[in-house]
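Reviewing the structure listed below.
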Amino acid sequence: MELSGAQILLQSLADEGVEYIFGYPGGAVLHIYDAIFQQEAVKHILVRHEQGATHAADGYARATGKPGVVLVTSGPGATNAVTGIATAYMDSIPMVVISGQVSSPVIGSDAFQEVDMVGITRPCVKHNFLVKDVTKLAETIKKAFYVATTGRPGPVVVDIPKDITAPNITVPYKYPKKIALRSYNPIINVPKEQIKAAVELLLNANKPMIYSGGGVVLGEASAELTEFTQQLGYPITNTLMGLGSYPATDKQFVGMLGMHGTYEANMAMHESDVIIAIGARFDDRVTGKLDEFCPYAKIIHIDIDPASISKTIKKIAIPIVGDVKPVLKQLLECLKDSKKKPNKKALDAWWQQINEWRSVNSLEYDRNSDLIKPQYVIEQLYQVTKGDAYVTSDVGQHQMWAAQYYHFDKPRRWINSGGLGTMGFGLPAAIGVKLAFPEADVACVTGEASIQMCIQELSTALQFKTPVKIINLNNRYMGMVRQWQEFSYECRYSHSYMDTIPDFVKLAEAYGHVGIRIDKPEQVRPALEQAFAMKDRTVFLDIMTDRTENVYPMIEAGKGHHDMKLRVALGTSTDRELA
Amino acid sequence: MMRHIISILIENESGALSRVAGLFSARGYNIESLTVAPTEDPSLSRMTLVTRGSEDIIAQITKQLNKLIDVVKLIDLADSPHIERELMMVKIKTTEQTRNDIRSVVDIFRGRILDVTPSSYVVEMTGSSEKLDAFTAAINHDTIIEVVRSGATGISRGEKGLHL
Ligand SMILES: Cc1cc2nc3c(=O)[nH]c(=O)nc-3n(C[C@H](O)[C@H](O)[C@H](O)COP(=O)(O)OP(=O)(O)OC[C@H]3O[C@@H](n4cnc5c(N)ncnc54)[C@H](O)[C@@H]3O)c2cc1C
Ligand SMILES: Cc1ncc(C[n+]2csc(CCOP(=O)(O)OP(=O)(O)O)c2C)c(N)n1
Ligand SMILES: [Mg+2]
């Protein structure tokens, strides 16, 4: 069978099992769009901005575990995609981004809409390719998917010059079933001795902690993590990226750790004598001041990427380079074989201590306010959706509240940009999730600033019938920025405020959706119920929340885990005048 | 801050060099020198990279280099006995009076004179980077017109080698 480059690309995607391409056309990809027009296997989702395409593909990938696929044109199309590529890169999300390039003969001549996409994206992709020969196209696509989805996942860019996809040049097509790269081997075997040593250390602990992260989600190891944790009876904390990989409603879960983690999670980390880090990368939002991080602990670190080990926290007692799922299985096996059991007396004392910290109730907030408390909205969202929704978010205070108050019991339900912290992520990501799971409830928790960064995707949501619910926690501030300015800049609220916020109800209606504005606490619950009852409509809930509310607890920059800023006294924030 | 010589076998693809160079600039690692040339297998290039850093930094550098998809294999030569060589060419101003002196310094350092004019020599010298430093230090600084150095390359001692 002889196919053109454009047909080869589409056939390769189909053979790879790709359901959706998120894209936007332009000169350099016109041959490809013509091929899209003439096939049905792969559905194309036309976004309204290339950043939206990358986030939608990313949301799809996070929810399904399958790689997201993006198609953009050269030049501005390609550069618009960069933010979304970097977002996926920082959170290790598998994605294949096809970018058009100017024709091979004019590369390097500052041709119309030429940018060096391979060069621009090099620092924020797992790998990238420039296709120079149409006979290598199918193989390159196979390589791209292989690299993106194996080992530590990540985005891969395939830059394709226009002449490679031209209809008049056809070559035989064969999509490789398997591919191997001599320079890339993602399979790692873990020696038994290391597993034994880890189990030994764990069973000798008096104040153990399990600290797990996004790697457990990426590695599909929630079941193993849960069994491992319950087998030991040890307390477990999750990073922002790990939420849902262990059921948040289980009693062994002590909440998220880090900058906005719970009091009990951070105190327990600080006092712990043995920590096992599982698919987590000791990010600075988690560790706080490095010298003061977990001063008493011996650390076991499991990660598929050797570079994650000893990158920020150097003192790792037992490094285990491997895939979480098989490693956890090995650990479980070894635990079962071990005659030694966890030290019951020490563990009881440890739990007693943790429960004391728990009783501080660090996530409590003023429930008697006449203003709408953002935490209350998330709690209601949790109840109305029975804790079973896919929740995407943007970046800011609302993101932290969603993480703290929506108790995720399942992996891949909490979908947010943690590493890059990209405002604008939430809405397109929700569209990607809804396409993957049309029957599921999908909520996008956002803020009035973030939502405006990719608001144009409301139009995509209409065209492709992805009825998501937008929960806009409208505090009339870039709340997260304002909070830092309140704490660290003596309330000089420099440009964290916009006095020209659009009428979101009208805006939603203009895009063909339902908009509802909510000003009073008692309206929250009914409005949420109404929104989720409208199964086939995208609903924009514009919720006027207490503009002075802050995220607590908070570890300020340069402080240790035991040095948390807690809410001073309940009731103070409601009447607090913002300077 | 130990000096390390990292030898890398990398796919001979366009852009491979910029992946390595980009990694160093993006992560703030220092490169003292970097050489690259194809090997006897035309699909592979060999790079020799001289860098300095603490144990922790060198460990991160080798891990990050290994993560690059195009990197096939690498070793840190500083981990075991090895031989290091660098090529240098120096153009030196000469006069009737200084010519003999310069020639004897070149002899002592086992260099060769490649080009002679009434007023200049071009001297070729190979050796460890320190030896080359020592030679330029031994020559009157004001008489040096130009120095070009290849950057260090290296190979381990014994029968083991860096290959596929
Ligand atoms: C406003 C804001 C506030 C934030 N506050 C917090 C906070 O309070 N607390 C917090 O935790 N985070 C917070 N974050 C997020 C933070 O920036 C990081 O994104 C997050 O902490 C990283 O999570 P992680 O360690 O689980 O790593 P991830 O980024 O999820 O990385 C996963 C790790 O697992 C490894 N891995 C991947 N696959 C596998 C596998 N199959 N097997 C083994 N290992 C694997 C990877 O190599 C990597 O090292 C905040 C972000 C924002 C934007
Ligand atoms: C693209 C981008 N620009 C800037 C920032 C910095 N930033 C982080 S949070 C934030 C404010 C977000 O405001 P809003 O969406 O209203 O959320 P809130 O904090 O009020 O809940 C800003 C500007 C960012 N994370 N991303
Ligand atoms: Mg806001």
(request) Keeping every protein chain in place, order A:Tyr296, A:Tyr376, A:Tyr390 by accessible area at 1.4 Å, biggest value first, i.e. largest first. (result) A:Tyr296, A:Tyr376, A:Tyr390
(message) Compute and list, largest first, the equivalent-ellipsoid semi-axes of segment A:138-264 from the alpha carbon gyration tensor, each √(5λ) rounded to a whole angstrom.
(response) 43, 19, 11
(message) Ordering B:Leu164, A:Leu203, A:Leu218 by accessible area with a probe of 1.4 Å, largest first, what comes out?
(response) B:Leu164, A:Leu218, A:Leu203
(message) Defining a contact as two alpha carbons under 8 Å apart and six or more residues distant in sequence, what relative contact order in percent does chain A show?
(response) 14 percent
(request) Give the long-range amide H neighbours of B:Ile113: residues separated by 5 or more places, or on another chain, with amide H under 5 Å away, using H modelled in the peptide plane at 1.01 Å from N. (result) B:Glu124
(message) Given Cβ point charges of +1 (Lys, Arg) and -1 (Asp, Glu) and nothing else, what value in debye, to the nearest 20, does the dipole of the protein assembly as shown about its Cα centre take?
(response) 1420 debye
(request) Leaving out ligands, DNA and RNA, calculate the buried accessible area for the pair B and A with a 1.4 Å probe, summed over both sides, in Å² to the nearest 100. (result) 1600 Å²
(message) Under a crude label model (7 Å from the Cα following the beta-carbon direction), how far is A:Tyr497 from A:Lys386 in nanometres?
(response) 4.4 nm
(request) When you have a sec, figure out the Kirkwood radius of segment A:342-472 from all distinct Cα pair distances and drop it here in Å to one decimal? (result) 16.3 Å
(request) Could you point to the residue in B:Gln64, B:Thr48, B:Ser7 farthest towards the positive end of segment B:1-67's charge dipole, with +1 and -1 charges on the Cβ of Lys/Arg and Asp/Glu respectively? (result) B:Gln64
(request) Take the Cα gyration tensor of segment B:4-161, multiply each eigenvalue by 5, square-root it, and list the three semi-axes largest first, rounded to whole angstrom. (result) 35, 15, 15
(request) Determine the alpha carbon to alpha carbon distance for each of A:Lys66/A:Lys178; A:Lys136/A:Lys465; A:Lys66/A:Lys177; A:Lys192/A:Lys251; A:Lys143/A:Lys315 and list only those over 29 Å. (result) A:Lys136/A:Lys465; A:Lys192/A:Lys251; A:Lys143/A:Lys315
(message) Could you compute how much accessible surface A:Arg152 exposes when probed at 1.4 Å, giving the result in Å² to the nearest 10?
(response) 60 Å²
(request) Any chance you could list the semi-axes, whole Å, largest first, of the equivalent ellipsoid that the Cα gyration tensor gives for segment A:325-402, using √(5λ)? (result) 38, 21, 11
(request) Would you mind working out the magnitude of the charge dipole of segment A:349-468 relative to its Cα centre, with +1 at each Lys and Arg C-beta and -1 at each Asp and Glu C-beta, to the nearest 20 Debye? (result) 320 debye
(request) Express in % the proportion of alpha carbon pairs of segment A:366-441 at distances exceeding 22 Å. (result) 23 percent
(message) Using C-alpha positions alone, give me the convex hull volume of segment A:100-208 per residue in cubic angstrom.
(response) 149 Å³
(request) Enter the mean number of other protein chain beta carbons within 10 Å of the beta carbon of each residue in A:113-124, as an integer. (result) 2
(message) Heavy atoms of the protein only, probe of 1.4 Å, neighbouring chains included. What is the accessible area of A:Cys491 in Å², nearest 10?
(response) 50 Å²
(message) Output wanted: per-residue J couplings in Hz (rounded whole) for segment A:252-269, from phi through Karplus 6.51 cos²θ - 1.76 cosθ + 1.60, θ = phi - 60°, x for Gly and Pro.
(response) 7, 7, 9, x, 6, 10, x, 3, 10, x, 6, 4, 5, 5, 6, 5, 5, 4
(message) Keeping all protein chains in the complex and leaving out DNA, RNA and ligands, what accessible area do you get for B:Lys93 with a 1.4 Å probe, in Å² to the nearest 10?
(response) 110 Å²
(request) Let me know the mean shielding of B:64-75 by other chains, meaning the per-residue number of their Cβ atoms within 10 Å of its Cβ. (result) 4
(message) Give the lysines whose C-alpha is closer than 16 Å to that of A:Lys344, dropping any in the same chain fewer than 8 places away, or say none.
(response) A:Lys207
(message) Place a point 7 Å from Cα of A:Asp536 in the direction of its Cβ. Which residues in segment A:405-449 have their backbone N less than 15 Å from it?
(response) A:439
(message) Quick check: Cα centre of segment B:127-156 to Cα centre of segment A:415-441, how many Å?
(response) 58 Å
(message) Skipping prolines and chain starts, which residues have an amide H placed within reach, meaning under 5 Å, of the one on A:Lys207, given they are 5 or more residues away or on another chain?
(response) A:Asp273, A:Val274
(request) Using the charge dipole of the protein assembly as shown (Lys, Arg: +1 at Cβ; Asp, Glu: -1 at Cβ; taken about the Cα centre), state which of A:Val217, A:Phe112, A:Ile36 has its Cα farthest towards the positive end. (result) A:Val217
(request) Have a look at segment A:162-207 and give its Rg and Dmax from the Cα atoms, expressed in angstrom. (result) 24.4, 71
(request) Please name whichever of A:Gly65, A:Gln101, A:Ile141 sits farthest to the positive end of the charge dipole of segment A:13-162, dipole taken about the Cα centre and charges placed at Cβ: Lys and Arg +1, Asp and Glu -1. (result) A:Gly65
(request) Quick one: pull the percentage of alpha-carbon pairs in segment B:5-74 with a separation above 19 Å. (result) 25 percent
(message) Explain nothing, just the number: dipole magnitude of chain B about its Cα centre with +1 on each Lys and Arg Cβ and -1 on each Asp and Glu Cβ, in debye rounded to the nearest 20.
(response) 100 debye
(request) Counting residues in segment A:223-308 as N, plug N into 2.2 N^0.38 Å and put the Cα Rg over that result. (result) 1.03
(request) Would you mind computing Rg(Cα) / (2.2 N^0.38 Å) for chain A, counting N as its residues? (result) 0.99
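The values are calculated or read from the model by the stated rules, or taken from the named source; none is laboratory data. Quick caveat: nothing in here was measured; it's all calculated off a predicted structure. When we count neighbours, we look across all protein chains shown, and the Cβ atoms used for this are built from the backbone with ideal geometry, even at glycine. SASA here: full protein model, heavy atoms, side chains in, ligands and nucleic acids out. Shrake-Rupley method; radii C 1.70, N 1.55, O 1.52, S 1.80 Å.
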